[in-house]
Amino acid sequence: MFWKSADSHSRPAAARWPMSTRLTLYYTLSVFVLLSAASALLYWDLKRNLLEQDQSFLTYKAQVLTALLEHRPFERSAVDQEVFEEAEISGQSPAPFFLRVLDDKGRVVDETPAMAATAPLSAFQSTPGSAPQGYRWRSNRRTFLLASAAISGASGETRGWHIQAALNTTAHETLLAGYRRDLGAVLASGLLVAALVGVWITRRGLRPLAEITRATERVGVEHLDYRIQTGRWPQELASLADAFDRMLERLQQSFERLSQFSADLAHELRTPINNLMGEAQVTLSRARTPAEYARVLQSGLEEYSRLARMIDSMLFLAQADQARLALKRVPLEARAEFQAVVDFYQALADEQRVELVCEGKATILADPLLLRRALSNLLSNALKYTAPGGRISLRAAQASDGAAVLTVSDTGSGIAAEHLPKLGDRFFRADPSRANSPEGAGLGLAIVKSIVALHGGRLLIDSTPGLGTDASLVFAREEAGPGA
């Protein structure tokens, strides 16, 4: 028991969670990942669009001022108008956009009011490029997009200009911060909704499984005929319901066979025991002579032998049912096995004036002891039901597919057609008059059937009343394995 406990504790904790919990968790995580990916994509797209918009605005203003400085450098009014235009248009203080013009010595030529306090010279890159490239800069809890560019002088002039631009992007940063808060709220709400929906979907999806569980709980010893497959299960559970119904079918058949077997066994054991008890009671009712006691003991010995044979047969069948018989398969010649069994029964056949004949050839891969026991049972049955002057043939044939067929045919009384399906059942006798016969207990053909089944073959019986019976052992072609 310790290893089971250790194994159960070694499993991950998630493996011990209910299936509904795991499915809900997987669904919630999937939705969370999808929402997170979609939110991140939307946020990144908005941020990129705002940055491109700001960068385009800076580039446009720089291009306008560059054109003025390159082509109209001495028209200060045009430059001043461009520098002060944004502040006047916005009407905000401080202005959202600032421009500064520097000469080639780095001296301020013109700038938007309050730019010195908002975006000083030190905030800009010392070596501006020919094209303005924006970069972030923070001052007094405000965010700016700064850019600077170098402008060559007009045609024929040696001096150049530097322009610096600053765009207040605090509003955009505030917008992005609010967007992040909104996305966080959406993610939290989506996660909660996904969990609730996941619980509902999981319970609804697992409802058929719960119904199957309740249906199986109604199955008991008294209700083995109950079946759960009603055609209303989902496709994924239909195969489970079919498999469960097939298992119930096998259990019902096994239980019925076991019940019948128990009843038959009790009946078969009761007869010799009652005989022994009856003879003992009669013998003890008065004094007996030694000869009479010897006769009673002899009669009891016959009943003991019958019980011993019955117990031996039952043990053999029990081992065969549990596949505990170790088969030692070797290639065998059917004619030689026939002859070995015939030699054993030849004296009895001569006494009953029954002719025994061996015919045909075939090679079999089988356990020699079990094969001879099966042939012996078939030959013994044939001798019981063949009248004097009759004939019993043991024939072997090799089929085209390699299967070997061993047939024991007799010219006896035959068996009625209604009894043929039951031949091979334990304790079944086609002749009720032999029910109390000390010669057997109705287990011979059951043993033959078990032996041939262990070899992967089958027992076939064909009979015509008044003409005789053919009992055939069919062994499928097999390759010798390691146990051969």
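Observations on the structure shown:
- A Förster radius of 45 Å combined with the Cβ-Cβ distance from A453 to Q235 puts the calculated FRET efficiency at roughly 0.80.
- Potential extension, S262-I201 segment - 0.36 nm per residue separation minus Cα distance: 16.9 nm
- Interchain or long-range residues, amide H under 5 Å from F97's placed H: N168
- Over segment 235-319, equivalent-ellipsoid semi-axes from the Cα gyration tensor in Å: 49, 12, 5
- Hz values of 3J(HN,Hα) by residue in segment 177-186 - Karplus curve (6.51, -1.76, 1.60), Gly and Pro given as x: 5, x, 5, 5, 5, 5, 5, x, 5, 4
- Packing around the peptides 184-190, 284-290, taken as the average count of other Cβ atoms within 10 Å per residue, puts them in this order, highest first: 184-190, 284-290.
- Since only A241, F255, L276 are under comparison, the one whose Cα sits farthest along the positive direction of the charge dipole of segment 235-319, derived from C-beta charges on Lys, Arg, Asp and Glu, is L276.
- Order by protection proxy (mean Cβ within 10 Å, highest first), peptides 205-215, 338-348: 338-348, 205-215
- Put simply, the amide H of D110, placed in the peptide plane, has neighbours under 5 Å in V101, leaving out anything fewer than 5 places away on its chain.
- For the pair V64 and E355, the difference between a 0.36 nm per residue extended length and the Cα-Cα distance amounts to 92.0 nm.
- Summarising the amide proton neighbourhood of C358: residues at separation of 5 or more, or on other chains, whose placed amide H is nearer than 5 Å comprise L394.
- Estimated from the Cβ-Cβ distance and a Förster radius of 51 angstrom, the FRET efficiency linking M277 and A38 is about 0.05.
- 3J(HN,Hα) along segment 458-466: 8, 9, 10, 10, 10, 8, 10, x, x Hz, from the Karplus curve 6.51 cos²θ - 1.76 cosθ + 1.60 with θ = phi - 60°, whole Hz, x for Gly and Pro.
- Sequence-ordered 3J(HN,Hα) estimates for segment 278-291 from the Karplus curve with 6.51, -1.76 and 1.60 and θ = phi - 60° stand at x, 5, 5, 5, 5, 5, 7, 5, 7, 5, 10, 7, x, 5 Hz, glycine and proline given as x.
- At R0 = 41 Å, FRET efficiency that the Cβ-Cβ distance of L467 and A291 yields, to 0.05: 0.30
None of the figures in this text is laboratory data; all of them are computed from the coordinates on show. Predicted, not measured: the structure shown is a model, and the values here were computed from it. Neighbour counts run over all protein chains shown; Cβ positions are idealised from the backbone, glycine included.
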